[in-house]
Each structure stands twice: as structure tokens, then as C-alpha cells.
Amino acid sequence: MLALSSAATVAAAVWAYLVVGHGGYWRASQWLPQVTGEPGRWPDVVAVVPARNEAAILPATLPALLGQDYPGPLSVILVDDGSTDGTAEVAARLGRGSTRTLRVVAGTPPPEAPEPPEAPEAPEAPVPPDAAGRWAGKVWAMAQGLRAAGIPAGSDPGRASRADPGCGYVLFTDADIGWEPGALRALVTAAEGDDRDLVSQMALLRTATGWERVVVPAFVYFFAQLYPFRRVNKPGSRTAAAAGGCMLVRRGALERSGGVAPIRGALIDDVAMGAMIKGQRGRCWLGLSRQVVSVRPYPGLASLWRMVARSAYTQLNYSPLLLAGTIIGLLFSYALPPAAAIAGLTLLATGPATTPAALAAGAGLAGWALMSLSYLPMLRLYRLSPLRAPGLPLIALLYAAMTADSARRHYAGRGAEWRGRTNRTRLR
């Protein structure tokens, strides 16, 4: 009991730090910056939508994107990424009659490797593996959309270093993302008024089924814990991330980097995009939204499990040590406090009151209470009962199992399996 009480005390201290000192990740307080006035000239926006077998979901999302209440020029490029369900035909039909331009681009398979550089005069430093490896499927689709927009992959990096900051934006979004009419207008207003090279909003995910209500809020909570939004938004901070369903990127920033070539191998493209923009000293912003929503259904635990497991081990850089540390960390931080509280209270109720038992009960309850309080804003965002908050330890155990299964899938040759495509390459 002495060891348990000591461990519970450390866990409570960890939660005190997370709540007080970890960038306020749990507050759900980062919303689009409020700026004074709208741009004097609305810049051009090109939306790039990678789509693979999305024929069923496009009728619920594409018309809203084409119908944005945006005063400036807006065009949409949908890249049909090898679909077999008629995605291109459905998109073309939905685009007919729209006042906005819709281009449907037939995607091609990603190349095996980038073109070799021209013969250097002297040996160069090794190219980072994520830049030198093969293209990830979605990033290759994004690159084809950029090429259609006039930003070829691998264009001369740095040539736009003095580009007009109002030269336009590229909006990367997903086929399952629904848009309120004024969402794009608000994004551009914030980017222009707050001088941001990247403005990204975490889409409000669907919580219609029982399992969605269990898994989805925790998914956003854990993501914010990994990448505290306030730190992402602080200029000069090393924390970088974005949310792939909604990324508004200044065109000049993409031209400076040579399109998305620097992140060609990224399986977690949104985080890689944020790191790429911050790497060129760009100003980034990441926050929450109720105007940008995902309409993709996850009817059961199996589909949600695949959503998490497809990239969890990638996030850990395919490292067994990081995997072990993550699972131990989840168990220590989330499972230990309630276990210590229950064990300590049980001993106090059934036997003589001892100091270790009282300490285990008190520290365990304190840690459990802090993690539950930290989960309340996310439950409020998704309009769910606060009574769900004490169940966060059980959800963390579920995520630990998903993370372990992600590693198992990787070593079984089924890593990053998503929408009929399996990526068997490694980032490092």
C-alpha cells in the first residue's frame, strides 16, 4: 500500500501540472481570432479536396463548399484518388449549375521515389527520410491538386520569399467535411486580420451513436493534450500541428516550401503541414469550430478502432520504446488514480485506518477529480453529459489497446490501412 500511495501521489502531481501548466490544452478555448473589420480585398481561394471512394458522402458536403458565402474568387479542385465507386462522376454532377468553378482531376498513382537531383558538385548532407521516401497516398493527391492550382510539387523553394502576402490561399479539406455558409469567410478574415500563414480548425466530429459519444470527444481531447492549441498558436513556439479537415494555407508559404514535397512521406499530413509552415517561421493558428463539421459516420466500435489504430503507431514513429512508454504513461496517468482511490477507500472501510491507505485514497481521488474536471470542456463542446467525465480512465484504457493494436497491424504489414489502401512504408 505504501508503494501504491506513493505512485498515486506522483500521478496526482502529474495531473496538477497538466491542468495548470500544459498550455491549457483542456480548456477548449481556442476559437477563431476576433479581428476588426474584413479585408479590403478578398484574396483568391482554391480548395483542394482529395477524395477516394467518397461517392456516397459527397452529396452531403460538396454543395456546401461550392456554395460558400465568400465575396472573393473561390474555385474547388477535387482529386479523384483512384476511386472505384464513381466519385468523379458524382462530383461532376454536383458541380453543374454552381456559380463556382469545380475541376475534377483524375489522380495518378504516386511515384515510387522523387526524381533524383541534378548532379551536385560536392556530396551533400543526407536528405531526411520523410522527404526522400515515396509519397504517401493522400499527400500525393494534395500535390496533384496543388499542381492543378499552379503550384507544382518540388517547385523552386524560396522563390516566393517576397511574395505578396495577399496573393491568395489554398484550402485543404476532406470529402467528409461539411461547411456552414460563412465558414470560409471567417477563416480568411482571421488569416488576413491576424497575419497567419496557416489557419486550421478541428472539425466537429459526429457523435450520433453510442460508441461515437464514447470515443470521439476523447480523440480530440488526447490530440489537444499532445499538441496544446495555445502553444501551436504562439509565435516562436516549437509546438506545431493542424487539423487535416480544414487547413487554410497562404499560397506564398506553399510556394516557399516547394508545395507539399517536404512532407511527401507523411502519413499524418496535418501535423506535418503545421511543422512545415512553422519551420519557415510561418505564423500558425489551430482551434475548434462549430461551423466546420465531419459528417462521416462511425456506426460501431470497429470503425472507430480503425480510425485510431491506422495512425497511432505512426505518431510514435514506429518506436517500440515509445509504444511501451505511451502505454505505461496511459496506465500510470489515467488508470492508477481511480485504482488507488478504490483500493484506499476499500481498506479504510474494511480495516484499520492507516496512513498509506488514506494517502492512496486521497491522492487517487485528487488525480481522478483533476482528470475528470479537465474533460468537462470537451464534453460541453460535444453537448454531452458531464456525468461521462469520471469514465475517462476507461476510455484511456481503450485507447491504450488501440495503440497496441496499431503496432500489431504495422508489424503484420497492415499499417496505416485506410479506405482500401495499405501503406507499408516507415517514416524513419
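Tabulated data for the structure shown
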quantity: Residues located in the stretch 119-147, provided they are modelled with pLDDT of 90 or more and charged (D, E, K, R); calculated: 138, 147
quantity: Residue in the stretch 279-292 that is farthest from residue 201 (Cα to Cα), counting only those that are modelled with pLDDT of 95 or more and crowded, with 20+ Cβ neighbours inside 10 Å; calculated: 284
quantity: Condition check for residue 308: of a type in the set (Val, Ile, Thr) and farther than 22 Å from residue 57 by Cβ; calculated: no
quantity: Given (1) small (Gly, Ala, Ser); (2) within 22 Å of residue 138 (Cα to Cα); (3) touching a helix residue (DSSP H, G or I) at 6+ places or on another chain (Cβ under 8 Å); (4) surrounded by fewer than 20 Cβ atoms within 10 Å (Cβ to Cβ), number of the condition residue 16 does not satisfy; calculated: (2)
quantity: Qualifying residue in the stretch 257-275 (condition: of a type in the set (D, E, K, R), open to solvent by 20 Å² or more (accessible area, probe 1.4 Å) and farther than 17 Å from residue 172 by Cα); calculated: no
quantity: Wholly within the stretch 192-274, helices (runs of 4 or more DSSP H) carrying at least 2 residues that are within 24 Å of residue 42 (Cα to Cα); calculated: 251-257
quantity: Residue in the stretch 392-412 that is least open to solvent (accessible area, probe 1.4 Å), counting only those that are free of Cβ contacts under 8 Å to residues at least 40 places away in the same chain and among the small types (Gly, Ala, Ser); calculated: 401
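The values are calculated or read from the model by the stated rules, or taken from the named source; none is laboratory data. Since the structure is predicted, the reported quantities are computational estimates derived from the model, not experimental observations. Neighbour counts are summed over all protein chains in view; Cβ atoms, including those assigned to glycine, are modelled from backbone coordinates with ideal geometry. Keep in mind that these areas ignore ligands, DNA and RNA; they rest on the heavy atoms of the full protein, side chains included. Shrake-Rupley method; radii C 1.70, N 1.55, O 1.52, S 1.80 Å.
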